[in-house]
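J.: My questions all concern the structure below.
The values are calculated or read from the model by the stated rules, or taken from the named source; none is laboratory data. Quick caveat: nothing in here was measured; it's all calculated off a predicted structure. Positions of Cβ are backbone-derived with ideal geometry, glycine not excepted, and every protein chain shown enters the neighbour counts. The protein model used for the area step is the full one, side chains on, heavy atoms only, and it has no ligands, DNA or RNA in it. Shrake-Rupley method; radii C 1.70, N 1.55, O 1.52, S 1.80 Å.
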Amino acid sequence: MKVPFYGIKNDKNDQIHLSEVESRHCIKVLRHNIGDNIHVLDGRGSLYDCTILNDNTRQCILDINSTDFKEKDICSVHIVIAPPKNPIRIDWLIEKCVEMGVDRISFILSERSIRSRIKYDRLDRIAIASMKQSCSRYKLRIDDIIPYGECIKQINASQRLIPHLEEGEKALIYGALKPNLDTCFLIGPEGDFSNDEINLALSANFSPVSLGNRRLRTETAALMVASAFNHVNGL
């Protein structure tokens, strides 16, 4: 199957109106015409088989022929992370999180954070592009950057893990993870979380874990916990 487009079904009929960006790519770049058959993802679980009704490059209109819906996995993974300094590494992180099936990523401002802002619109476009390329059914939820302590209060996952480098008893991540549970991981900045931040997480029912003997970049640690989650859950 060719790379699908991204669009949302009209609530009033069996049609999809592509955005100007998607319409231009469909009609002007790929040179599709009225009557052509294309596929569309809505980021909500559905893959639509469509026929082009209107080839307007500002708003291409599609008629839905059939819908293939895929339910979400029974458990979700949420990564809370201090963004790396280099924006290219943030872009890479978003792209790979989509490919790995991460449900949600929240950016935080911690004591040792270097970056205090993210380009949300850009990251959302990258998430959509990666979703289309990998034909993922669900769009990655991206939360704008907020203070660490504020974010901790909003976590409601039943399984909560924090990898960190401080001394103390920590189970290896593969042994600590239990399957079939909504899971949240806290990933610190390049200088790791401070002791106060670690203690705050522990008081919020996060369990300390080890990612092994290697010191990992922030974005590498995020992909490692996502991979561990998929392995334990057979995804």
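J.: Just to verify a result, which residue in the range 1-57, among those that are within 18 Å of ALA127 (Cβ to Cβ) and of a type in the set (A, V, I, L, M, F, W, C), is most open to solvent (accessible area, probe 1.4 Å)? Write out each step before concluding.
T.: As a first pass, look at the range 1-57 and keep what is within 18 Å of ALA127 (Cβ to Cβ): 3-8, 18-19, 21-22, 25, 40-47.
Restricting the remaining residues to those that are of a type in the set (A, V, I, L, M, F, W, C) gives 3, 5, 8, 18, 21, 40-41, 47.
Details: VAL3: 73, PHE5: 8, ILE8: 62, LEU18: 3, VAL21: 97, VAL40: 0, LEU41: 0, LEU47: 24 Å².
So the residue we want is VAL21.
J.: Just a yes or no: is a residue in the range 15-37 within 30 Å of LEU223 (Cα to Cα), of a type in the set (Asp, Glu) and either touching a His at 6+ places or on another chain (Cβ under 7 Å) or assigned to a loop (DSSP other than H, G, I, E, B) (or both)? Break it down stepwise before answering.
T.: Going residue by residue through the range 15-37, those that are within 30 Å of LEU223 (Cα to Cα) are 21-22.
After this cut, where a residue has to be of a type in the set (Asp, Glu) as well, the list is 22.
Those still in the list that are either touching a His at 6+ places or on another chain (Cβ under 7 Å) or assigned to a loop (DSSP other than H, G, I, E, B) (or both) too: none.
No - not one qualifying residue is present in the range 15-37.
J.: Next up: Mind telling me which of the residues SER106, SER136, SER113, SER130 ends up being in a loop (DSSP other than H, G, I, E, B), touching a helix residue (DSSP H, G or I) at 6+ places or on another chain (Cβ under 7 Å) and polar (S, T, N, Q)? I'd like the intermediate steps shown before the answer.
T.: On the way: SER106 fails: in a loop (DSSP other than H, G, I, E, B); SER113 fails: touching a helix residue (DSSP H, G or I) at 6+ places or on another chain (Cβ under 7 Å); SER130 fails: in a loop (DSSP other than H, G, I, E, B).
Criteria check complete, one pass: SER136.
J.: Of all the residues that make up the range 83-104, how many are open to solvent by less than 30 Å² (accessible area, probe 1.4 Å) and closer than 21 Å to LYS70 by Cβ?
T.: Here the count works out to 3.
J.: State the number of residues belonging to the range 191-224 that are of a type outside the set (Ser, Thr, Tyr) and not in a helix (DSSP H, G or I). Walk me through it before giving the result.
T.: Pass one, the range 191-224, residues of a type outside the set (Ser, Thr, Tyr): 191-193, 195-202, 204-206, 208-209, 211-217, 219, 221-224.
Among the residues that remain, those that are also not in a helix (DSSP H, G or I) are: 191-193, 204-206, 208-209, 211-217.
Within the range 191-224, residues that are of a type outside the set (Ser, Thr, Tyr) and not in a helix (DSSP H, G or I) number 15.
J.: Is there any pair with a first residue in the range 99-116 that is on the phi > 0 side of the Ramachandran plot and a second that is buried (at least 16 other Cβ atoms within 10 Å of the Cβ) and small (Gly, Ala, Ser) whose Cβ atoms are under 9 Å apart and which are 6 or more apart or on different chains, and what are they?
T.: Pairs found: GLY101/SER136; GLY101/ALA226.
To keep it simple, each residue is scored yes or no on (1) under 22 Å from ARG89 (Cα atoms); (2) touching a residue at least 60 places away in the same chain (Cβ under 8 Å); (3) aliphatic (A, V, I, L, M).
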site	(1), (2), (3)
ILE162	yes, no, yes
LEU200	no, no, yes
ALA204	no, no, yes
PRO208	no, no, no
LEU211	yes, no, yes
